[in-house]
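Heads up: the structure comes next, in structure tokens.
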Amino acid sequence: PDAELEEQINSYLSQLSEVLSRTIATTTVDFETRRELMRTGENGFANLAADALRKHYNSDVAIINGGGFRANRHYAAGSTITVGDIQKELPFNNRVVNIRVRGRILRKTLERGLSRIEEVKGCFPHISGMLVTYNPKRPPMQRVVSVMVGGRELDPEKIYTLTTIDFMANGGDGFLELKDAERVVKLGETRLLWEYIHNHIASLGVI
């Protein structure tokens, strides 16, 4: 043991605890981020996160994979949301990227995200800017029934701007279709995912 070093460590931990416990918002509704919910269906908190990304980059659509949310907890109406809560929800060092994809690639990306619902896999897509109808009883990669973007049916050849995270854009969770997409915002030019969500929620003050 080194007394001087221990004193420094305790000082840093105290400062970190103070930052993480800082309240950034309150919630007027119940919401949950349990693992199964985040990986099998639409989720209010994940929608909020996807909306934050799309709004920041003014993109056509946004997608975040359900496996990126990890706090696995329930927030009761009236709860305070802290910096630490957001850090626990989004613990990975994912960076946000903006890419261009044709409609057919976007549809295939959605198919990929919906292909493993029965396995409770993290690829489930949480979206913004789209209305997606799907049938989970269909075979994998054939589940998307319809996709509407901005109130119009998805055009297979039209180019759309998609905000997502580098993990997905690099082919993580099986999203191989995105690897060759043109980057509008290059890797390294953006902040971490949790920072965007933190800033968005803090700006709202109330969920």
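The values are calculated or read from the model by the stated rules, or taken from the named source; none is laboratory data. Quick caveat: nothing in here was measured; it's all calculated off a predicted structure. Methodologically, a virtual Cβ is constructed for each residue, glycine included, from the backbone with ideal geometry; neighbour enumeration extends over all protein chains shown. SASA here: full protein model, heavy atoms, side chains in, ligands and nucleic acids out. Shrake-Rupley method; radii C 1.70, N 1.55, O 1.52, S 1.80 Å.
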Check: Excluding same-chain residues fewer than 8 positions from residue 137, which lysines have a Cα within less than 23 Å of its Cα?
Finding: 108, 121
Notebook entry, point to check: If we sort 135-141, 164-170 on the protection proxy, mean other Cβ atoms within 10 Å, highest first, what's the order?
Noted result: 164-170, 135-141
Notebook entry, point to check: Of the heavy-atom accessible surface of region 1-105 (probe 1.4 angstrom), what whole percent is carbon and sulfur?
Noted result: 46
Next item on the list: Over the chain, give the accessible area per residue in Å² for a 1.4 Å probe, as an integer.
Entry: 53
Margin query: Run the helix sum for the chain: -39,500 (n - 2.57) per DSSP H stretch of 4+ residues, divided by residue count, reported at 222 nm to the nearest 500 deg cm²/dmol.
Written below: -10000 deg cm²/dmol
Notebook entry, point to check: Near residue 179, which aspartates and glutamates are there with a Cα under 17 Å away, not counting those fewer than 8 places off in the same chain?
Noted result: 111, 166
Next item on the list: For region 131-204, run through the GluC sites (Glu not before Pro) and keep only the ones in DSSP coil with at most 10 other Cβ atoms within 10 Å of their Cβ.
Entry: 157
Next item on the list: Could you give me the percent of Cα pairs per 10 Å distance bin for the chain, shortest bin first, beginning at zero and ending with the bin that holds the maximum distance?
Entry: 8, 33, 33, 17, 6, 2, 0
Check: For region 101-181, how big is Rg over Rh, using alpha carbon atoms and the Kirkwood form of Rh?
Finding: 0.93
